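These notes are about the structure you will find just below.
Just so it is clear, none of the values below were taken in a lab; they were calculated from the coordinates. Since the model is a prediction, treat every value here as computed from it, not as a measurement.
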Amino acid sequence: MVWGVDRSHVAIHEWVHKVNLQPISTVAADQLSVAEQMIRLRGDEYWLYGAVDPRTNEILHVNLFSTTTKQTTRWFLDELHSRYQLEDVLFLVADANYLGPVFAEDGYRFQVISHGNRNAIKRIF
């Protein structure tokens, strides 16, 4: 019970996300590991997108989509940019279906890399 109102944790969680009450981080990373990974939930396929600071392994942002397209990649990046100041960040990506092409088309600084700092996101996934 909060302020005399009995609500479930799920309802409160949904309210917070609906009004986007997430704090703006002070992350000052010069590199971020970004990945997409197909996962199965109850027999259905979903794509998990995530961004991690490879220096600290801090998970900065995750999102789950029922499909993976250039548009879902852009939605993920827009949400990431709305929460963090990422002006001069070098994104470390694998050779994923849509990450590299979207980064290239939208003018992001990125590097396709399969080892090293990019592995921070794969360890977490």
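Results, tabulated for the structure shown:
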item: Gain upon complete extension [ILE59, GLU87; 0.36 nm per residue less C-alpha separation]; result: 8.2 nm
item: Segment 57-67 - phi-based ³J(HN,Hα) in whole Hz, Karplus 6.51/-1.76/1.60, Gly and Pro as x; result: 6, 6, 6, 8, 6, 9, 8, 10, 10, 7, 8
item: 3J(HN,Hα) from dihedral phi, segment 102-107, Karplus parametrisation 6.51/-1.76/1.60, rounded to Hz, x for glycine, proline; result: 5, 4, 5, 5, 9, x
